[in-house]
Structures are given as structure tokens and as C-alpha cells.
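First up is the structure itself, then whatever we jot down about it.
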Amino acid sequence: MPTIKKIPATITAVSDTTPTARVVTLTLSEPLPFVAGAFVNMFISHEGKVLRRAFSISSSDKEDKTIELTVRLSPNGAVSPLFWKEDIIGTTVEVMGPLGLNTADKMLQSKTFLFGFGVGAGVVKSLAEHFVQDPNCTELTIMLGSRNEDEIVHLKEVTELATSPKVTVRHAISNPGDHNTHPVGYIQNHLEGFDFNNADVYVCGQEAACEALVEAVKKQNPQNCLYFVEGFH
């Protein structure tokens, strides 16, 4: 189990993954080994106060000298707008971690489902990158739920993962535009064809969405199905 520690880090890059979601890269003062699925608490100073927020790690657990966090812009929030400021590069923060119980080392079955709502796609990407390299995982299904086709977080990276023969990728769009080609609705409306028997099911997103999806899976009465739920407000 990786050791939890609190260390300085510097924001060294930001990039957009959708119009309202951004990847924030932190260069760490020392290595921070973690297992995919973990999160960190970030401490950032703003207007004389130190603010703390929890963010799932969205980068590969093969790299421990830098980590990436996928952040959704909340215009009225205290922290997320800071990552859209022009002078954010070079900002020093502190991170504490790795934290979390729903990590890849707990998911031991050969069949894995990774479901991510919205910005929950960040940690799903990290987990997927882990399981693509894990020979014990023989079937990996990724499904992302997004508001519209322009808001599919980490679309490029997840599409590339689908080139692996053991990976299946699906999307669900709740408020589609005119050119949408994906199923319309929420993830829980499009579970047809999935066999959840003898499987690990990971879900990340708003708590209400996670609960609705887990209930939909349970209605299929799968046997030996384990749930790993990472809900946030």
C-alpha cells in the first residue's frame, strides 16, 4: 500500500479536454507512488486562505513524478476557476495522498466495467490504462455519460484505448446536439448486452447518478458482482 504523505507540487501545464474541463499537470517535489483509482487532496492558497479540494488522479499509475488531475469548471466555485487563470502555470500547491479505497488493486476479477459520468471520466481513464496492461483483466468495458458530444471528457484517450482487443467503449449523451451519433439518455438506460456476472463494476460521478446506475445493474441480479462507487457532490 503506497505511503500517504503531504508534499509540495508545482502546476506545470494545463490543457483543455472539453470546453468546460481541463487537465492540470502537477510536477511533484518527490515521487508519489499510487494505484489507479486513487485521489489526492490539493491545498492551494487564494486571497489569504488555504483552500482544500479532493481530485481523482487521471494519469497513469506508471508515472509517479508528475500527476494529472481532470477538473470541471464551476464558474461560481472557489477553486476550479483558478485553473483557468492565465497566470496559473508555476503556482505552488501541496498535495496529500494517495487516498481512496476504490483502487485497481481491489478489482481482481477478469471482467471489469468502468463507468464515468462527466468529469468522472478522468479516473476511469487512469483505471483503464492500468487494466489494459494487466494480463489478469481479459474483458474491459468503458462507458462514459456526458451532457453532449462536445463534453465527452478524455474522448481522444479513451478512443485510443479501444484499439485493444479486450476493450469495449460506449457513450451515452443526455442532451444531444444535431450531429450526435451516440445513444441518447443516461448510462443506466443503455446496459443492454452487458453481462455483469463475475465482474467488478466501478462507477464515478455525482452521487445520485452513481446510485441510479448501481440500482440498474442490481436489477439484473448478477452473481458475484462487486461494486466500487466513487460518488462526489
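The values are calculated or read from the model by the stated rules, or taken from the named source; none is laboratory data. All of these numbers come straight from a predicted model, not from anything done at the bench. Don't worry about glycine lacking a Cβ; one is built from the backbone with ideal geometry, like all the others, and counts go over all protein chains shown.
Screening F194, F228 for residues that are more than 30 Å from V24 (Cα to Cα), of a type outside the set (G, A, S) and either surrounded by 14 or more Cβ atoms within 10 Å (Cβ to Cβ) or touching a Pro at 6+ places or on another chain (Cβ under 9 Å) (or both) leaves exactly one candidate, F194.
Within the range 163-171, is even one residue of a type in the set (D, E, K, R) and in contact (Cβ under 8 Å) with a residue 12 or more places away in the chain? Yes, the conditions are met somewhere in the range 163-171.
Taking the range 1-52, which residues are touching a residue at least 60 places away in the same chain (Cβ under 8 Å), assigned to a loop (DSSP other than H, G, I, E, B) and not hydroxyl-bearing (S, T, Y)? If the condition is that a residue be touching a residue at least 60 places away in the same chain (Cβ under 8 Å), assigned to a loop (DSSP other than H, G, I, E, B) and not hydroxyl-bearing (S, T, Y), then P2, I4, P19, L32, P33, F34, V35, A36, G37, A38 are the ones that fit.
Inspect all residues belonging to the range 204-211 and state whether any of them is farther than 26 Å from S15 by Cα, touching a Cys at 6+ places or on another chain (Cβ under 6 Å), of a type in the set (A, V, I, L, M, F, W, C) and surrounded by 13 or more Cβ atoms within 10 Å (Cβ to Cβ).
No, because not a single residue in the range 204-211 is farther than 26 Å from S15 by Cα, touching a Cys at 6+ places or on another chain (Cβ under 6 Å), of a type in the set (A, V, I, L, M, F, W, C) and surrounded by 13 or more Cβ atoms within 10 Å (Cβ to Cβ).
Hey, does the range 128-141 have a residue that's buried (at least 20 other Cβ atoms within 10 Å of the Cβ), touching a Leu at 6+ places or on another chain (Cβ under 6 Å) and either modelled with pLDDT under 95 or not assigned by TED's automatic domain parsing to the domain that holds A216 (or both)? No, every residue in the range 128-141 fails to be buried (at least 20 other Cβ atoms within 10 Å of the Cβ), touching a Leu at 6+ places or on another chain (Cβ under 6 Å) and either modelled with pLDDT under 95 or not assigned by TED's automatic domain parsing to the domain that holds A216 (or both).
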